[in-house]
Amino acid sequence: MSVDALKARARSPQGRTAIKYTLTSVIAVGVNQVVLFILFALVHWSARNANITAVGISAIPSYELNRRWAWGKRGRSHLWKEVVPFWTLAFIGLAFSTWAADWAETAFHRSVLAVNGASLGAFGILWVGKFIIFNEVLFKHHHEVLEDAPALDGITGLPT
């Protein structure tokens, strides 16, 4: 692919969304890795507990940035079309990354680098699939009116 074709693709609506999704992921992964490092290396929690907490904290900015910035959704979150699928994917990532971090803690004798790397690698594996699901299902612009959708808190995605 030529440089001009790559630039044109990046300027397309799909390309801009992909770039914003990537930047959102960088932010969420940064939050996750910092919290994981602090709790595992400095506070001396188990890899399992540190990772669960780190994923829970980083999922909040991930949801908000993906929904509002990357996909440009406004208004209330739709419980069944956005919130439930997002948190389902978050829990899949949580389970996979927690397994990986726990495995790395045991296999590499509490190596901080191994635990953070295993968690990061697990999310890297899931990253492409999540983009497809976010783009084609979760935050796809639906033209129906959502006035009858339950009102949801913008941060937690829970009913208000």
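The values are calculated or read from the model by the stated rules, or taken from the named source; none is laboratory data. Note that the coordinates shown come from a computational prediction; the quantities given were computed from them, not determined experimentally. Every residue, glycine as well, gets a Cβ built from its backbone with ideal geometry; the counts of neighbours run over all protein chains shown.
Select, from 36, 79, the only residue that is among the hydrophobic types (A, V, I, L, M, F, W, C) and closer than 20 Å to residue 137 by Cα.
79
Select from the range 93-114 the residues that are aliphatic (A, V, I, L, M) and surrounded by fewer than 14 Cβ atoms within 10 Å (Cβ to Cβ) and write down the one among them that is farthest from residue 51 (Cα to Cα).
The qualifying residue farthest from residue 51 (Cα to Cα) is 107.
Cβ-Cβ below 8 Å, separation at least six or inter-chain, first residue in the range 16-33 and without any contact (Cβ under 8 Å) to a residue 60 or more places away in the chain and more than 13 Å from residue 71 (Cβ to Cβ), second of a type outside the set (S, T, N, Q) and not in a helix (DSSP H, G or I): which pairs?
Filtered contacts from the range 16-33: no entries.
Sort out which residues of the range 115-144 are exposed (fewer than 12 other Cβ atoms within 10 Å of the Cβ), at pLDDT 80 or above and farther than 13 Å from residue 89 by Cα, and write them in order of number.
Of everything in the range 115-144, just one residue is exposed (fewer than 12 other Cβ atoms within 10 Å of the Cβ), at pLDDT 80 or above and farther than 13 Å from residue 89 by Cα, namely 136.
Can you confirm whether the range 14-27 contains a residue that is surrounded by 14 or more Cβ atoms within 10 Å (Cβ to Cβ), within 13 Å of the chain's Cα centre (by Cα) and of a type in the set (Phe, Trp, Tyr)?
yes
Looking at the range 33-72 only, could you name the residues that are among the small types (Gly, Ala, Ser) and surrounded by fewer than 18 Cβ atoms within 10 Å (Cβ to Cβ)?
Listed by number, the residues that qualify are 41, 46, 56, 72.
Every residue, every condition in (1) more than 27 Å from residue 100 (Cα to Cα); (2) modelled with pLDDT under 90; (3) β-branched (Val, Ile, Thr), yes or no:
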residue: 2; (1), (2), (3): yes, yes, no
residue: 26; (1), (2), (3): no, no, yes
residue: 31; (1), (2), (3): no, no, yes
residue: 35; (1), (2), (3): no, no, yes
residue: 47; (1), (2), (3): no, no, no
residue: 59; (1), (2), (3): no, no, no
residue: 85; (1), (2), (3): no, yes, no
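Find all pairs meeting these conditions: Cβ atoms under 9 angstrom apart; at least six residues apart or on different chains; first residue within the range 35-50 and aromatic (Phe, Trp, Tyr); second residue in a loop (DSSP other than H, G, I, E, B).
40/46; 40/110
Has the range 79-88 got any residue that is among the acidic types (Asp, Glu) and surrounded by fewer than 18 Cβ atoms within 10 Å (Cβ to Cβ)?
Within the range 79-88 (the criterion being among the acidic types (Asp, Glu) and surrounded by fewer than 18 Cβ atoms within 10 Å (Cβ to Cβ)), the answer is no, since none of the residues qualifies.
Do we have residue 15 as farther than 28 Å from residue 118 by Cβ, touching a helix residue (DSSP H, G or I) at 6+ places or on another chain (Cβ under 9 Å) and at pLDDT below 95 here?
Against the criterion (farther than 28 Å from residue 118 by Cβ, touching a helix residue (DSSP H, G or I) at 6+ places or on another chain (Cβ under 9 Å) and at pLDDT below 95), residue 15 qualifies.
Do you know which residues across the range 76-90 are polar (S, T, N, Q) and more than 13 Å from residue 66 (Cα to Cα)?
The one that is polar (S, T, N, Q) and more than 13 Å from residue 66 (Cα to Cα): 88.
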